[in-house]
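K.L.:
Attaching a single structure in structure tokens format; questions to follow.
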Amino acid sequence: MVIGGMTVEYKLDDKAYYDNRELSWLRFNYRVLEEAIDTHNPLLERFKFLAITSSNLDEFFMVRVGGLKDQVKMNYHEPENKTKMTPVEQLENISELNRQNCETQYNIFNDLKSELEHYGIYFRRPEDLPDEFKAETDDIFDREIFPSLTPLGIDAYRPFPKLMNKKINIFVDLSNELGAQTAIVQLPTIIERFYTFHDDGRTYVVLSEDIIIRNVDKLFKGYNIDRTFAFRITRNADLTIHEEGAQDLLIEIERFLKERTKGAAVRLELDIRDNNTINGSFLREELALGEEDVYKFDGPLDLTFLFEFVSKLKDRHPNLTYPPFEPQSPKFLGTDNIYERALKEDIFLHHPFESFQPIVDFVKAAAEDPDVLAIKQTLYRVSSDSPIIGALKEASENGKQVSVLVELKARFDEESNVHWAKELEDAGCHVIYGMNYLKTHSKITLVIKRVKNTLVRFVHLGTGNYNDSTAKLYTDMGIITTDPKIGDDAINFFNYLSGYSLKPEYNSLHVAPFEIRDLFDDYIDKEIRFHKAHGNGYIFAKMNSLTDKKIIDKLLIASQEGVKIDLVIRGICCLKSGIPGVSENIRVVSVVGRYLEHTRIYYFHHNGGDKMFLSSADMMTRNMIKRVEILFPVNDRRFIEELKDINALYLADNKKARLQNPDGTYAYVKNDLPLISAQEELMRRALKVNREQIEEKENYLLTRIRNRFKKNS
């Protein structure tokens, strides 16, 4: 590589220096699974981590495995650019590693079930219940379940049915004097997944599929039931949206959603609790799957039902869940009016430690304020009953110019976003569906308001979605500013999205595609130069995933030049840290805890110049090349110091943090320091700041009252 006119040889492009994206993701999912083992977490919360692991894995198979299988079918055998693994090799490695994860997952589930019994909660099959509840399950079957079931025989006149994605089915082998037959019973989506029975301080939990299996003979009168077992298939959802030539993307998305349900099967799961010799050969043949696509579990399928299980039991057993935490008033806002404060200084917000309500209020107040002329916003994922959508509709009805980009291509939120797009259009909002071949993942809101006969641009920029529900579960950050340069950039950004023009030249914002990666590339080079001159090179980056090879290689070069690099990466990391002579100056930490880490923070020391950025983008190729993302500077010294402190806190975590080993595996951080969890400490700090704000306000009011009394006396 040529640097400064000199050829420098760096250690790059050896597959040992990189990790495969899919295998790195499976290691991340294992870290989520570890939270189900961690006794620092309350018992019911540990069940929830099992559910998260299952939900994550469903999407992984539908998208990542589905995509690899498509490559194999199309005879695409090119290796990926880091570990040089072909699609076939990736699928083989995924199968091996994921089987280990799944075995661990079900061992944990069975262990946690036993632990629950200490609290009087029992998972039981119907036949193992006390007699009165056995009869009650039979009655539930007759009254609630039986009428909704449709047994599906399979023979020359009744072909193998098109089974729904991710739904549980019962396979039935039956026979009579005429011979053997095969049938399938689908669990309808309208019935409960499980039923609970309470007696004398005990709670029994019974799964619907077990109730059906107990009573399945009622569906096949005149036949002997020879064998039953539950199974579930996962279908490929990595389908292409045909944007080219689409006259209306909304209509094309609706067509795409219908096609998604018909994707080829990519995984078959079998419940072998009753018979561990089950191999699913008939199902494999019908679904065109190989043995490597079959997963057998000594437990119930689809552990995502544990979300509802925890929800139903948490009120009865509050001691088995996290202590409640209410997001606090933001440190840099308090209870002040958000628009009045923003006119004086920028506002920094950190969710869920600080409330998301000020962002909702920011849009609501704009909708009602007669001095507001326009509201422009990007929406990627919103909640099912979004107050922000309501405020935008109200703003339009109040005669304001409302422009909203609703990203219809947000994966697995397409249907919801089609619904919101239609609602906003019906309310008179100008709705944009995104950009051709790019997903708009940016998080930005622009409010144009008349203040003393001057138009002021109020801009909110964030790392996370405008979703009031996930804002209580995901860690994210945002800034509200009236900086004129950022205001100009925001106007140019929205005009670029809604009209026809070349990509603008921005003053302060950096906008993907390409520009964010170019900035990272340039700033890493600058950090190397500062380090050569001053010996204090340092880079900190916090993100969801790191996959972009160009950036990875640049970080490896920086490490080999002596720059110290700390990466806090929740999920995928395709760089292997700590390799002598290659990445020994890089430390990779993953924090998995109560909240899903979602903030993207990028910091370059620059010999004390402190270049700090927040972004909606990860250091992933798709984010920097195939999406419209915004990276924005943090200019306020107060916020820079706040972020440096938060960054240091994550690096000090020795309770929920894992350190990446040179082979790409992870292990909990272990040291002799007092235990500290970054998330728990941030909750504590938010509560402390809120108490201080309340005391300050009370003292202020008390002083005013005293002064008034002095005046009157």
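K.L.:
If you go through the range 436-460, how many residues are farther than 14 Å from ALA365 by Cβ, out of contact with any strand residue (DSSP E or B) (no Cβ under 9 Å at 6 or more places or on another chain) and either assigned to a strand (DSSP E or B) or not assigned by TED's automatic domain parsing to the domain that holds VAL360 (or both)?
P.N.:
1
K.L.:
Could you look through the range 643-663, keep only residues that are closer than 14 Å to THR475 by Cβ and touching an Asp or Glu at 6+ places or on another chain (Cβ under 9 Å), and pick out the one that is surrounded by the most Cβ atoms within 10 Å (Cβ to Cβ)?
P.N.:
Ranking the qualifying residues of the range 643-663, first place goes to LYS656.
K.L.:
In the set THR203, THR196, which member is among the polar types (S, T, N, Q), assigned to a strand (DSSP E or B) and either on the phi > 0 side of the Ramachandran plot or surrounded by fewer than 16 Cβ atoms within 10 Å (Cβ to Cβ) (or both)?
P.N.:
So the residue among THR203, THR196 that is among the polar types (S, T, N, Q), assigned to a strand (DSSP E or B) and either on the phi > 0 side of the Ramachandran plot or surrounded by fewer than 16 Cβ atoms within 10 Å (Cβ to Cβ) (or both) is THR196.
K.L.:
Here is a further query. Enumerate the pairs (first residue in the range 583-602 and among the acidic types (Asp, Glu); second residue anywhere and in a strand (DSSP E or B)) with beta-carbon separation below 7 Å, excluding pairs fewer than 6 apart on the same chain, so at least 6 apart or on different chains.
P.N.:
Pairs that qualify, where the first residue is among the acidic types (Asp, Glu) and the partner is in a strand (DSSP E or B), are GLU597/THR475; GLU597/VAL591.
K.L.:
Every residue in the range 206-224 that is part of a strand (DSSP E or B) and loosely packed, with under 15 Cβ neighbours inside 10 Å, please.
P.N.:
Once the filter is applied, which keeps residues that are part of a strand (DSSP E or B) and loosely packed, with under 15 Cβ neighbours inside 10 Å, the range 206-224 yields only ASN224.
Residues are listed down the side, and each one gets a yes or a no for (1) among the acidic types (Asp, Glu); (2) without any contact (Cβ under 8 Å) to a residue 40 or more places away in the chain; (3) in contact with a Ser or Thr (Cβ under 8 Å, 6 or more places away or on another chain):
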site	(1), (2), (3)
SER281	no, yes, no
ARG284	no, yes, no
GLU291	yes, yes, no
GLY299	no, no, no
PHE305	no, no, no
PHE309	no, no, no
PRO318	no, yes, no
TYR322	no, no, no
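K.L.:
Name the pairs: first residue in the range 73-95 and part of a loop (DSSP other than H, G, I, E, B), second residue surrounded by 16 or more Cβ atoms within 10 Å (Cβ to Cβ) and hydrophobic (A, V, I, L, M, F, W, C), Cβ to Cβ under 8 Å, at least 6 apart or on different chains?
P.N.:
Listed by first residue and then by second, the contacts come to PRO79/MET85; LYS82/ILE552; LYS82/CYS574.
Each row is one residue, and each column tells you yes or no for (1) surrounded by fewer than 18 Cβ atoms within 10 Å (Cβ to Cβ); (2) outside any loop (DSSP other than H, G, I, E, B); (3) modelled with pLDDT of 95 or more.
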position	(1), (2), (3)
ARG316	yes, no, no
TYR322	yes, no, yes
PHE325	yes, no, yes
PHE332	no, no, yes
ASP336	yes, no, no
TYR339	no, yes, yes
ALA342	no, yes, yes
HIS350	no, yes, yes
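K.L.:
A follow-up question, please. When the range 616-628 is examined, which residues are found to be of a type outside the set (Val, Ile, Thr) and in contact with a Pro (Cβ under 8 Å, 6 or more places away or on another chain)?
P.N.:
MET624, LYS626, ARG627
K.L.:
Among the candidates ILE552, ILE539, ILE557, which residue alone is touching a residue at least 12 places away in the same chain (Cβ under 8 Å), over 24 Å from the mean Cα position of the chain (by Cα) and in a helix (DSSP H, G or I)?
P.N.:
Sole residue among the options that is touching a residue at least 12 places away in the same chain (Cβ under 8 Å), over 24 Å from the mean Cα position of the chain (by Cα) and in a helix (DSSP H, G or I): ILE557.
K.L.:
While we're looking at this one, here's another question. Considering only residues of the range 152-181 that are in a strand (DSSP E or B) and buried (at least 18 other Cβ atoms within 10 Å of the Cβ), which is farthest from the chain's Cα centre (by Cα)?
P.N.:
Across the range 152-181, the extreme among qualifying residues is LEU174.
K.L.:
In addition: Test GLU292 against the stated conditions and say whether it is of a type outside the set (Phe, Trp, Tyr) and part of a loop (DSSP other than H, G, I, E, B).
P.N.:
no
K.L.:
In the range 602-624, is there at least one residue being over 27 Å from LYS503 (Cβ atoms) and crowded, with 19+ Cβ neighbours inside 10 Å?
P.N.:
yes
K.L.:
Right, another one. Would you say ARG284 is of a type in the set (D, E, K, R), buried (at least 20 other Cβ atoms within 10 Å of the Cβ) and within 30 Å of ARG99 (Cα to Cα)?
P.N.:
no
K.L.:
Can you tell me which residue in the range 305-339 is farthest from PRO352 (Cα to Cα), limited to those that are over 22 Å from the mean Cα position of the chain (by Cα) and of a type in the set (A, V, I, L, M)?
P.N.:
Here the answer is LEU313.
K.L.:
Now a separate question. Which strands (runs of 3 or more DSSP E) sit wholly inside the range 610-713 and have at least 3 residues that are closer than 28 Å to LEU555 by Cβ, modelled with pLDDT of 95 or more and not aromatic (Phe, Trp, Tyr)?
P.N.:
Those strands (runs of 3 or more DSSP E) span 611-615, 630-633, 657-660.
K.L.:
Please state which one of ASP70, ASP19 is buried (at least 16 other Cβ atoms within 10 Å of the Cβ) and in contact with a strand residue (DSSP E or B) (Cβ under 7 Å, 6 or more places away or on another chain).
P.N.:
Step by step, each of ASP70, ASP19 is checked, and only ASP19 is buried (at least 16 other Cβ atoms within 10 Å of the Cβ) and in contact with a strand residue (DSSP E or B) (Cβ under 7 Å, 6 or more places away or on another chain).
K.L.:
Another one. Do we find that ARG143 is farther than 20 Å from GLU308 by Cα, without any contact (Cβ under 8 Å) to a residue 24 or more places away in the chain and part of a helix (DSSP H, G or I) in this structure?
P.N.:
When the stated conditions are applied, ARG143 passes them.
K.L.:
Name the single residue, out of those in the range 448-506 being crowded, with 22+ Cβ neighbours inside 10 Å and of a type in the set (Val, Ile, Thr), that is nearest to LEU631 (Cα to Cα).
P.N.:
Across the range 448-506, the extreme among qualifying residues is THR463.
K.L.:
Would you check if LEU57 is part of a helix (DSSP H, G or I), buried (at least 18 other Cβ atoms within 10 Å of the Cβ), over 21 Å from the mean Cα position of the chain (by Cα) and among the hydrophobic types (A, V, I, L, M, F, W, C)?
P.N.:
So LEU57 fails the test.
K.L.:
Do any residues in the range 158-179 that are under 18 Å from GLY222 (Cα atoms) have Cβ atoms under 7 Å from those of residues that are of a type in the set (Gly, Ala, Ser), where the two are at least six apart or on different chains, and which pairs are they?
P.N.:
Close Cβ pairs (under 7 Å, with a partner that is of a type in the set (Gly, Ala, Ser)) amount to VAL172/ALA183; ASP173/ALA180; LEU174/ALA183; ASN176/GLY222.
K.L.:
Another question, then. Just one of (1) more than 30 Å from VAL459 (Cα to Cα); (2) out of contact with any strand residue (DSSP E or B) (no Cβ under 6 Å at 6 or more places or on another chain) trips up PHE514, so point out which.
P.N.:
Going through the list (1) more than 30 Å from VAL459 (Cα to Cα); (2) out of contact with any strand residue (DSSP E or B) (no Cβ under 6 Å at 6 or more places or on another chain), PHE514 breaks only (1).
K.L.:
Hey, can you tell me all the residues within the range 471-499 that are closer than 25 Å to TRP420 by Cβ, at pLDDT 95 or above and of a type in the set (Ser, Thr, Tyr)?
P.N.:
TYR474, THR475
K.L.:
From the list TYR106, TYR157, pick out the single residue that is of a type in the set (Phe, Trp, Tyr), at pLDDT 90 or above and out of contact with any helix residue (DSSP H, G or I) (no Cβ under 6 Å at 6 or more places or on another chain).
P.N.:
The match here is TYR106.
K.L.:
Residues to consider are LYS69, LYS84; find the one that is charged (D, E, K, R), modelled with pLDDT under 95 and not assigned by TED's automatic domain parsing to the domain that holds LEU306.
P.N.:
Result of the check over LYS69, LYS84: LYS69.
The values are calculated or read from the model by the stated rules, or taken from the named source; none is laboratory data. Bear in mind the structure is a predicted one, so any value in this text is a computation, not a measurement. Quick reminder, even Gly has a Cβ in these numbers, built from the backbone with ideal geometry, and neighbours come from all protein chains shown.
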